[in-house]
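Bear in mind that the values in this text are calculations on the coordinates, not laboratory data. Treat the numbers as computed from the prediction; the structure is a model and nothing was measured. A quick note on method: Cβ atoms are made from the backbone with ideal geometry, for glycine too, and the neighbour counts reach across all protein chains shown.
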Ligand SMILES: Cc1ncc(COP(=O)(O)O)c(C=O)c1O
């Protein structure tokens, strides 16, 4: 918390909050969000939220919209996307919710950057936005199943990871493999084991090199195949050091 307040003391215009978080899968608690809200008010900063995984949250965790906290709508720019909730990554459809004077500014920039989203895709999005609650319950059920399948596989393989509370990624600790960097590890794993991961260092400003990110938004057969290939991981790593 001290670290966060120190950052606010530098007078930022805004804090960016990714909740649920990519890559860690963290879902911020109400108490944590209230702390951020207190600082945003005290240091007069905006909070720009990225809540694209708002509907992919694992029980018992709950997602709270930052803008819903008392007094926060005025200083929150809520960003979301349809790509995760409706499985349409690549459509590049999203939206902002903010007080109207902020939206006026955003509209001007948006017009110059993209002109607008493709009209037929917007028509399809309207259908999705009218889905009932059962759609969101099913989405959660499907991802919970994928998460449980993949994490139990990682357990069987004896890999160390942080349990995701939301989103569809898992950060695995690769310290035990003794590689000089996470990038080197990921390149080696793709070639030797046939499974790809994203080097964790791409998500950090500091020199963090011991984490990789898997994602499990895949069919059951694909996840099972990936886990099967990962069975060779430890042996291959041992061979490498011989
Ligand atoms: C946290 C986060 N925000 C935004 C995006 C991008 O969303 P879109 O598909 O709408 O460009 C992603 C996609 O990976 C994401 O993980």
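For the range 64-82 versus the range 1-62, the spacing of their alpha-carbon centroids is 10 Å.
Could you work out the percent of alpha carbon pairs in the range 134-241 separated by over 23 Å, rounded to a whole number? The share of Cα pairs beyond 23 Å in the range 134-241 comes to 27 percent. Working value for the range 1-130: equivalent-ellipsoid semi-axes of 27, 20, 12 Å, each the square root of 5 times a Cα gyration tensor eigenvalue, largest first. How large is log10 I(q)/I(0) at q = 0.13, 0.16, 0.22, 0.28 Å⁻¹ when the Debye formula is applied to the Cα atoms of the range 49-98, each weighted equally and without solvent? With no solvent term, the Cα-only Debye profile gives -0.34, -0.51, -0.83, -1.04.
Compute the whole-percent fraction of alpha carbon pairs in the range 20-75 spaced more than 15 Å apart. That fraction is 48 percent.
Which whole-number percentage describes the relative contact order of the range 134-241, with Cα contacts under 8 Å and a sequence gap of 6 or more? Before the final figure, lay out the partial values.
Details: 123 pairs, mean separation 29.8, N = 108.
The value is 28 percent.
If the viscosity is 0.692 mPa s and the temperature 37 °C, what Stokes-Einstein diffusion coefficient in µm²/s follows for the chain when Rh is the Kirkwood radius over Cα pairs? D = 163 µm²/s. Beta-bridge orientation, the chain: approximately 60 percent antiparallel, per DSSP, counting only bridges with both partners inside. Projected label points at residue 7 and residue 130, each 7 Å from Cα along the beta carbon direction, are separated by 4.1 nanometres. Give the distance, in whole Å, between the Cα centre of the range 132-146 and the Cα centre of the range 167-242. Taking the Cα centre of the range 167-242 as reference, the centre of the range 132-146 is 27 Å away.
When both bridge partners sit in the range 1-127, DSSP labels roughly 30% of those beta bridges antiparallel.
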